[in-house]
Amino acid sequence: MGIRLAGIALGLVLVALCLCASIVYGKQAIPAVEAYRSLFEFDGSREHLIVRTVRVPRALIAMSVGACLAMAGAVMQAVTRNPLAGPELFGVNQGAAFAIVVPLYAFGHVSASGSVAYAYLGAGVAGAVVYLLGIMGTGGLTPLKLVLAGSTINLLLGALTQGLLVLDEQSLDTMRFWLAGSLTGRSSAAYARVLPFMLAGIALTLAMSRHIHTLSLGEDTARGLGLRTGRVKGTSLIAVVLLAGSSVAIAGPIGFVGLAIPHVARYVVGTDYRWVLPYSAIMGALLLLLADIAARFVVPSQEISAGVVTAMLGAPFLIYLAQRRA
Amino acid sequence: METRFAQGKVSLLLVLSILTALSAIVLFFQIILGDFPIPAADALQALAGNGSERYDLVVNRFRFPRALVAFLAGAGLALSGTILQGITRNPLASPGVLGLNSGAALVAVSCMVLFPNFPVGALPFAAFAGACLAATLSYFLAWKRGLSPVRLVLVGVGIAASAGAFVSFLLTFSDLAQAKRAVIWMSGSVYGRSWEHFWPMLPWLAALVPIALLMARKLDVLQLGDSLAVGLGTRLERVRGGLLLAAVASAGAAVAMAGTIGFVGLMAPHLSRFLVGSRSLRLIPTAVLTGGLLVMLADLLGRTLAAPLEIPCGILIAVIGAPYMIYLLFKKRNH
């Protein structure tokens, strides 16, 4: 107990450090003192503007998105009792992309708040469909069924999105940047809009962590312990849509954080989800902050997107999981 | 799904000839329909080599080879899917699930985006190399004291996902025209394909279909399970490796020429199993014809449904194929 709490405190300190690093480092390094002054003694200079309008929102978005994705992944893995569950396999990303492309194609323009709403809708529907397809039948949600249902829905949504992008050059121009999952150029206004949903998702998840843990012991055990499994599953789905939907709405598809981090968290604190959930949130925030900082330095001439960095880290991890388990 | 057909009451020859006839009919419609309709008689004359000059160009330079490329691409993907479903003993396996398509897409799009002067003629080779690379990776990463089909699928999904992330990243690098070209290529289209695409593809299929037929018995034995197959004297890893190679080569050739068309490799074997049953010797030729027919038909519809817009055939097939796959998942839910 004590040592786990200490771990959380340490994690929070590390997150704070990475947050500062994310503000200070970049194409133009800004001295920490200057960064501090821009927040509390704003003088309108170029450096202060960069910090306030670019660096700070970006760092905060990276932190929140990482935390939300990792938590969503942990909830999914607990509820489905499937180590491969995660936002991307559930079609959340492709669903959101498709839901944004359709109005973009139909009306030619989608406002920032509109795209957030569409992303929620798409993410929720796609996730629910994959889940329902996966749990059909007697075996429950086996890894293979989840992979096949997920990749079918992903393929279908991907093809439909591509079809609309082929037909409309303007949508393609807008969407290709969104699709890369980059954290640059996301406005703080859009962030302010999704933040309440993210916080609601986090609060809901933490409030339910005890029930989620019970559910992760297995359907029968949970029922034997008097848990209303249907209700917990439904609430979990809402939490996941809030967490993953907000993330994809603000940052585009960022893969593998939700898949990989819960495994790391379980490795560190064991299988008690009351601890796995907060640890996942902290580690996810750390990972995405670091990935975003790394993205600025890998190719000096051009920033690569954080989504690519996490994919580079995550694919080997998925393969490692497959080798170890199957 | 053993139907009346499958029990051999309808002869294989009959099914094959009906499929061939249907293919010929679709092929003919491919030639006469379009923005520039061609009277049937003139089309036939042009095919015979003595048509008028304006018809000759459209028929023999554009529409006829394009239809043939579509047919070969479908046939290659169907062959690959049939073999993969056999090896993995999983009716839902297909070239896409193994990361073949994504590997091909990654290499092809990289060439398009990073080297703006990359010759179009070399693109198929790049795509082929990408498909082979992804398949080799899947194979070796899934290897752990033997090859487990489940592991193969999981690893393939991982490779597909990371290749996909890189592709979307590359699209942000490129200018809009290149990005559009790349997206069209990835959605699977036979637009602008002609003889220079047909001839390099033909030998692959001409060689691989007979090879697959020769190995059909071994593929059937693999269905019985690893231990029984070994008991019956199969050199398991060798046979599996050989079959996998054939599957990769045929899908790779198809993807190289027509871009990433999903779902054919999944659907064609299933439709064929419904027609002729699950013995590989009967299944393979039927699936090859069905796959070719499907892609050709999708291309015909894509060209004519929303004319003058052209819907890439890969997208049409996905729209038909995904509900079909969902239906399969639903039907097999208790397995």
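The values are calculated or read from the model by the stated rules, or taken from the named source; none is laboratory data. Everything numeric here is computed off the predicted structure, so don't read it as measured data. No Cβ is skipped: glycine too gets one built from the backbone with ideal geometry, and neighbour counts run over all protein chains shown.
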Handout entry: Unique match (being away from chain A (no Cβ under 14 Å) and surrounded by fewer than 21 Cβ atoms within 10 Å (Cβ to Cβ)) among B:116, B:124
Key = B:116
Fill in the blank from the handout: Of the conditions (1) part of a helix (DSSP H, G or I); (2) in contact (Cβ under 8 Å) with a residue 60 or more places away in the chain, the single one that residue A:196 does not satisfy is (2)
Handout entry: Single unsatisfied condition, residue A:173 versus (1) crowded, with 19+ Cβ neighbours inside 10 Å; (2) facing chain B (nearest Cβ under 10 Å); (3) in a helix (DSSP H, G or I)
Key = (1)
Practice task
Sort out which residues of segment A:207-218 are surrounded by fewer than 17 Cβ atoms within 10 Å (Cβ to Cβ), free of Cβ contacts under 8 Å to residues at least 60 places away in the same chain and of a type outside the set (Gly, Ala, Ser), and write them in order of number.
Solution key: A:217
Practice task
Answer yes or no: is there a residue in segment B:23-32 that is touching a residue at least 40 places away in the same chain (Cβ under 8 Å), under 30 Å from residue B:137 (Cα atoms) and in contact with a helix residue (DSSP H, G or I) (Cβ under 7 Å, 6 or more places away or on another chain).
Solution key: no
Handout entry: Which numbered condition residue A:181 fails, given (1) under 30 Å from residue B:177 (Cβ atoms); (2) buried (at least 22 other Cβ atoms within 10 Å of the Cβ); (3) modelled with pLDDT of 80 or more; (4) facing chain B (nearest Cβ under 9 Å)
Key = (3)
Exercise for the section: Look at residue B:286 and say whether it is polar (S, T, N, Q) and closer than 28 Å to residue B:211 by Cβ. Expected result: yes
Practice task
Give the residues of segment B:309-330 that are over 13 Å from residue B:262 (Cα atoms) and among the β-branched types (Val, Ile, Thr), sorted by residue number.
Solution key: B:311, B:326
Problem - Members of segment A:109-133 found to be buried (at least 17 other Cβ atoms within 10 Å of the Cβ) and assigned to a loop (DSSP other than H, G, I, E, B), listed by number - result: A:110
Fill in the blank from the handout: Filtering segment A:83-128 for residues that are within 12 Å of another protein chain (Cβ to nearest Cβ) and more than 19 Å from residue A:250 (Cβ to Cβ) leaves a count of 3
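Evaluate segment A:200-207: report whether one residue or more is under 23 Å from residue A:307 (Cα atoms), part of a helix (DSSP H, G or I) and modelled with pLDDT of 80 or more.
In the first step, residues of segment A:200-207 are kept if they are under 23 Å from residue A:307 (Cα atoms); the result is A:201-202.
The next check asks that each one be part of a helix (DSSP H, G or I); those that pass are A:201-202.
Narrowing further to those that are modelled with pLDDT of 80 or more: A:201-202.
The answer is yes; a qualifying residue exists.
Only one residue in A:255, A:307 is small (Gly, Ala, Ser), modelled with pLDDT under 85, assigned to a loop (DSSP other than H, G, I, E, B) and under 11 Å from the mean Cα position of the chain (by Cα). Which one?
Numbers: A:307 fails: assigned to a loop (DSSP other than H, G, I, E, B).
Exactly one of A:255, A:307 is small (Gly, Ala, Ser), modelled with pLDDT under 85, assigned to a loop (DSSP other than H, G, I, E, B) and under 11 Å from the mean Cα position of the chain (by Cα), namely A:255.
Taking the options A:221, A:152, name whichever one is more than 10 Å from chain B (Cβ to nearest Cβ) and either over 30 Å from residue A:289 (Cα atoms) or not aliphatic (A, V, I, L, M) (or both). First the steps, then the outcome.
Working: A:152 fails: more than 10 Å from chain B (Cβ to nearest Cβ).
Every option except A:221 fails the conditions.
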Completion exercise
Over segment A:267-304, the set of residues among the basic types (Lys, Arg) and modelled with pLDDT of 90 or more is A:274
Exercise for the section: Please specify each residue of segment B:307-331 satisfying the condition of being within 9 Å of chain A (Cβ to nearest Cβ) and free of Cβ contacts under 8 Å to residues at least 60 places away in the same chain. Expected result: B:309, B:311, B:316, B:318, B:319, B:321, B:322, B:323, B:326, B:330
Practice task
Answer yes or no: is there a residue in segment B:95-109 that is away from every other protein chain (no Cβ under 11 Å), of a type in the set (S, T, N, Q) and farther than 30 Å from residue B:230 by Cβ.
Solution key: no
Exercise for the section: Determine whether segment A:136-147 contains at least one residue that is assigned to a helix (DSSP H, G or I), at the interface with another protein chain (Cβ under 8 Å from one of its Cβ atoms) and surrounded by fewer than 17 Cβ atoms within 10 Å (Cβ to Cβ). Expected result: no
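From the list A:286, A:259, pick out the single residue that is surrounded by 15 or more Cβ atoms within 10 Å (Cβ to Cβ) and either at the interface with chain B (Cβ under 10 Å from one of its Cβ atoms) or closer than 21 Å to residue B:169 by Cα (or both). Break it down into steps so the answer makes sense when it comes.
On the way: A:286 fails: either at the interface with chain B (Cβ under 10 Å from one of its Cβ atoms) or closer than 21 Å to residue B:169 by Cα (or both).
Of the residues listed, the single one that is surrounded by 15 or more Cβ atoms within 10 Å (Cβ to Cβ) and either at the interface with chain B (Cβ under 10 Å from one of its Cβ atoms) or closer than 21 Å to residue B:169 by Cα (or both) is A:259.
State all residues of segment B:92-117 that are of a type in the set (S, T, N, Q) and part of a loop (DSSP other than H, G, I, E, B); if no residue qualifies, say none.
Here is the first cut: in segment B:92-117, the residues of a type in the set (S, T, N, Q) are B:94, B:101-102, B:110, B:117.
Listed by number, the residues that qualify are B:94, B:117.
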Completion exercise
Scanning segment A:289-309 for residues that are crowded, with 22+ Cβ neighbours inside 10 Å and within 8 Å of chain B (Cβ to nearest Cβ) gives A:305, A:307, A:308
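Right, residue A:161: farther than 19 Å from residue A:239 by Cβ, within 11 Å of another protein chain (Cβ to nearest Cβ) and outside any helix (DSSP H, G or I) or not?
Values: farther than 19 Å from residue A:239 by Cβ: yes; within 11 Å of another protein chain (Cβ to nearest Cβ): yes; outside any helix (DSSP H, G or I): no.
Considered against the rule, which asks whether it is farther than 19 Å from residue A:239 by Cβ, within 11 Å of another protein chain (Cβ to nearest Cβ) and outside any helix (DSSP H, G or I), residue A:161 comes out as no.
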Problem - Output for segment B:158-214, where each listed residue is farther than 17 Å from residue B:259 by Cα, outside any helix (DSSP H, G or I) and facing chain A (nearest Cβ under 9 Å) - result: B:174
